[in-house]
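Working notes for the structure below.
The values are calculated or read from the model by the stated rules, or taken from the named source; none is laboratory data. What you see is a predicted model; the values in this text were computed from it and never measured. FYI the Cβ positions are ideal-geometry reconstructions off the backbone, even for glycines, and counts take in every protein chain you see. Heavy atoms of the whole protein, side chains included, go into the accessibility calculation; ligands, DNA and RNA do not. Shrake-Rupley method; radii C 1.70, N 1.55, O 1.52, S 1.80 Å.
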Amino acid sequence: MTEFVDGWIFGHTLGEGAYGEVKLVINKSSGEAVAMKMIDLAKHPDARQTVKKETTIHRTLSNPNIIQYFGKRSEPSMEYIFLEYASGGELFDRIEPDVGMPVWEAQKYFKQLISAVEYLHSKGIAHRDLKPENLLLDENDNLKVSDFGLATIYRFRGKERCLEKRCGTLPYVAPEVLLHPYHAEPADIWSCGIILVALLAGELPWDQSLAECPEYMAWRDGKYMSLTPWKKLDNSSLSLIKNILIHSPSARCTIKDIKQHRWFIKKFQRAGTIEGYIRPDETDSRQVLEDENLTRFGLSQPELPTTENANAVQINLDERQGFSFSQPAHIEDLLLCTQVQTKFTQASQQNTFQRLVRRMTRFFVKTELEATVKRLLNCLKNESYTCRVNNFGTITISTMDRRKMPLVFKANIVEMDGKILVDFRLSKGCGIEFKRRFVKIKSLLEDIILKGPVTWPIAVATECIP
C-alpha cells in the first residue's frame, strides 16, 4: 500500500474519469474513506482551468443533498480532488428501464433533487449537467448531486447574467440552451423535469428538444397523449411535468411553483413494489455487496483485444482480483482491503468507513469462470457488440445506443467463495440505456443464472494497489 499523505493511504481504484482515475483513500487510524479524483495534467493540460473552476465552486457548497467537497492538492503534473464517498451508487441504477420506480420513491428523490437545486440557485450557481448519472446516493439512500465540472456562477452580488455556453447531456438539455443565450435557473429546472420523467417511466421522452425531433414536437404541439412515456403517467404526475417542460423559459414553472404543486405535496403510500422492479434492499441472487460508489466507471485493469475465437480466451486465475470470506454476516458489514486490514481492523469495526453499494446490474451464475467468460462473449458477439477482454476477467463492451451515441460498459467476472459473479458497470453513455442492454443480456443468459436467496458473508477485497 502507498501512503499518500501522513496517515492516509491509497485503496483500490474506484473508476476512470475523462481526465484520470478515481481512487479510494483510507485513513489508517480511523478507517474513514474519501473518494479522490486524480486529474493527469500531463495528458490533459487543458484540464487545469476546469479543475480550478470546479473546485472554486464546489468548495463553497454545504448541503445534505450535495456531495461534500473536502479539499484539493496540486502537483506539477497532477491535481487531486477529495470528495465525500457516497456508498449508495448512482440514481440511474434504481430506475428499471421502461418501468421506472414506485411513485413514492420517485417523489422522495425528486424532492431531494429540488432541494439541492434550490440551494445551488440561492448561491447563484447553475449545475448545467443534471442527469441520473450525476446523482449519487449515500448509505442512507439519500440523493447527492455530484460532478460540478460544468457548473458556473450566473449571479454575483445580486447581478445576474445570461449564459451562452452550450453544454450538458442532450436529452436533458433545455431547448433555449441549444438556440441562444439563456437564463440559468429555468434551464436547470427543465433538466429536473426530464429526470422526473425518467424516474416515473424508465425512459427519456426525446433525443433533444429541437424542432427536428418529432417526439419533442409532438409534446410541444400537444399531440402526445397516445405516446410513450406520457401514457404511462397519471394525471397528477403529468400535470407537474407539463408545467416544467414548457418550451418558453419565461412561462416555465419555478422551484416555488414546483414545491406548491399537489404531486409534490401529496404523501404517497409505500405500497410494496411494482412488477419487475427489484428493490435494492431485497436479498436475492441479483445482489451482492460491492465496494464502489462511482458506478458509471469501470475497473482500470489493462485490457487486451479479444480473439475472434471466444474459446481461446484465457483467464489468469493467479493474478486476477477476487474475494475471500470470513464468517457469515449481515448485509451492512464492511469491505476491507486485506493489505491494510490488520492496521485498523479494530477501528473498522467501530467506523463504517466503506459502506458497500447495492446494485441491480449483477447476477451469480452456475457455470465455472472460464465457461462463464466464453458464454458471455458468445452472447455479446451474437448481439453485435464490440468486446475487449483482459486476463483478469473484465470484458469491455462497446456499442451505439438508440440515439447513435457511444455506450460503453464493463462486465467484471469475479469468483466469490466458490460462486461466480457477473457484475456489469457503466463506463460511458446513458445510464438508462445501459440498464436496458443489461436486462436483454441477462435474459439471454437466464439458463445459467443462479436463483434463490444468498447469505452474504463479509467480503475481503484482494484487489488493492501493491
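Couple of notes before you dig in:
- Number of positions in the range 152-170 that are at pLDDT below 95 and open to solvent by less than 30 Å² (accessible area, probe 1.4 Å): 1
- If you check Ala187, Ala218 for being in contact (Cβ under 8 Å) with a residue 60 or more places away in the chain and open to solvent by less than 50 Å² (accessible area, probe 1.4 Å), only one passes: Ala187.
- Neighbours by Cβ (under 8 Å, 6+ apart or cross-chain): first from the range 405-418, under 23 Å from Pro171 (Cα atoms); second acidic (Asp, Glu) and part of a loop (DSSP other than H, G, I, E, B): Leu407/Asp401
- The strands (runs of 3 or more DSSP E) found entirely in the range 19-87 include none that carry 3 or more residues being in contact (Cβ under 8 Å) with a residue 24 or more places away in the chain and small (Gly, Ala, Ser).
- Enumeration of residues in the range 234-257 that are over 19 Å from Tyr182 (Cβ atoms), open to solvent by less than 20 Å² (accessible area, probe 1.4 Å) and not small (Gly, Ala, Ser): Leu238, Leu240, Ile241
- Tally, over the range 129-153, of residues that are within 28 Å of Gln107 (Cβ to Cβ) and assigned to a loop (DSSP other than H, G, I, E, B): 13
- One residue stands out among those in the range 171-183 that are within 14 Å of Trp206 (Cα to Cα) and in contact with a Leu (Cβ under 7 Å, 6 or more places away or on another chain): the one that is surrounded by the most Cβ atoms within 10 Å (Cβ to Cβ), which is Tyr172.
- Any hit, the range 414-435, residues being assigned to a helix (DSSP H, G or I), among the charged types (D, E, K, R), closer than 29 Å to Val197 by Cβ and modelled with pLDDT of 90 or more: yes
- Tallying residues that are open to solvent by 50 Å² or more (accessible area, probe 1.4 Å) and either in contact with a strand residue (DSSP E or B) (Cβ under 6 Å, 6 or more places away or on another chain) or among the small types (Gly, Ala, Ser) (or both) within the range 385-405 yields 2.
- Within the range 347-391, considering residues that are more than 21 Å from Gly418 (Cβ to Cβ) and β-branched (Val, Ile, Thr), the one modelled with the lowest pLDDT: Thr352
- Of the residues making up the range 46-91, those that are open to solvent by less than 20 Å² (accessible area, probe 1.4 Å), among the small types (Gly, Ala, Ser) and closer than 30 Å to Glu105 by Cα are Ala86, Ser87, Gly88, Gly89.
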